[in-house]
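Values quoted throughout were computed directly from the atomic coordinates according to the rules given, and no laboratory measurement underlies them. This is a predicted model, so every value here is computed, not measured. Cβ atoms come from the backbone with ideal geometry, glycine included; neighbour counts cover every protein chain shown.
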Amino acid sequence: MKKLVLLCLFLSYSFSGVAQALETSTYYLIRHAEKDRSDKTEKDPHLAVHGKERALRWAEIFKNLPLDAVYSTNFKRTIETGTPTAKAKNVSIQLYHPTHIDMVQFLAETKGKNILVVGHSNTTASFANNLIGNEIYKDIDDANNGNLYVVTFRGNTIEHVLLHME
């Protein structure tokens, strides 16, 4: 985990420090943490104990990174995943619909900012792809709650990387 934190810090500082003249926008995209699977009929479960622990670890990873906003889908598990980070950054969670988001408007509203986006196994990679403008990443396996997609816009340049937290 320390390696991931250090890599995130390096990416944040290198992306923001390379070209001060160019406005930089950085998007951090994660899938919700582990959900409670004890009731198979529950369509909007809370996080499991392990998921709550992961949400706290995400907050620790983002602790030294500047964040202007946290976006989440309107589900308990995504909101609960983003809440520790939002509280630590003193920002409210902004809700978005994963398939009905106006990407042009979203990019305009978040230009020059650092944004955390919390989604799902079938929406997070596609959100990253929509930001990048190319189909690069595949949907996340249902057992994987540790991917971190970092997409950075600097002028007309788009950089992206996929990291993983255990």
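For a paramagnetic label modelled on K138 (point 7 Å from Cα along Cα→Cβ), amide N atoms under 20 Å away belong, within the stretch 32-58, to 32. When a/c reaches 1.5 or more, the comparison of a/b and b/c decides; with that in mind, is the stretch 76-143 rounded, prolate or oblate per its Cα gyration tensor? Oblate, since a/c reaches 1.5 and b/c is not below a/b. Diagonalising the gyration tensor over the Cα atoms of the chain and scaling each eigenvalue by 5 before taking the square root yields semi-axes of 25, 17, 15 Å, largest first. Checking the table K63/K87; K63/K113; K52/K87; K89/K113; K40/K138; K89/K138 against a 20 Å threshold on Cα-Cα, which pairs fail? Too far apart for the 20 Å limit: K40/K138; K89/K138.
Estimated from helices alone, the mean residue ellipticity of the chain at 222 nm is -11500 deg cm²/dmol (sum of -39500 (n - 2.57) over DSSP H runs with n ≥ 4, per residue).
Taking the dipole about the Cα centre of the chain, with the C-beta of Lys and Arg at +1 and of Asp and Glu at -1, give me whichever of F62, T123, G82 is farthest to the positive side. About the Cα centre, the residue reaching furthest to the positive side is F62. Among the trypsin sites (Lys or Arg not before Pro) in the stretch 80-166, those placed in a DSSP loop whose Cβ has at most 15 other Cβ atoms within 10 Å are K111, K113, K138. Largest GNM mean-square fluctuation among V104, V70, V117, using the chain with Cα springs under 10 Å: V104. The slack in the chain from V91 to S121, taken as 0.36 nm per residue of separation less the alpha-carbon distance, amounts to 8.4 nm.
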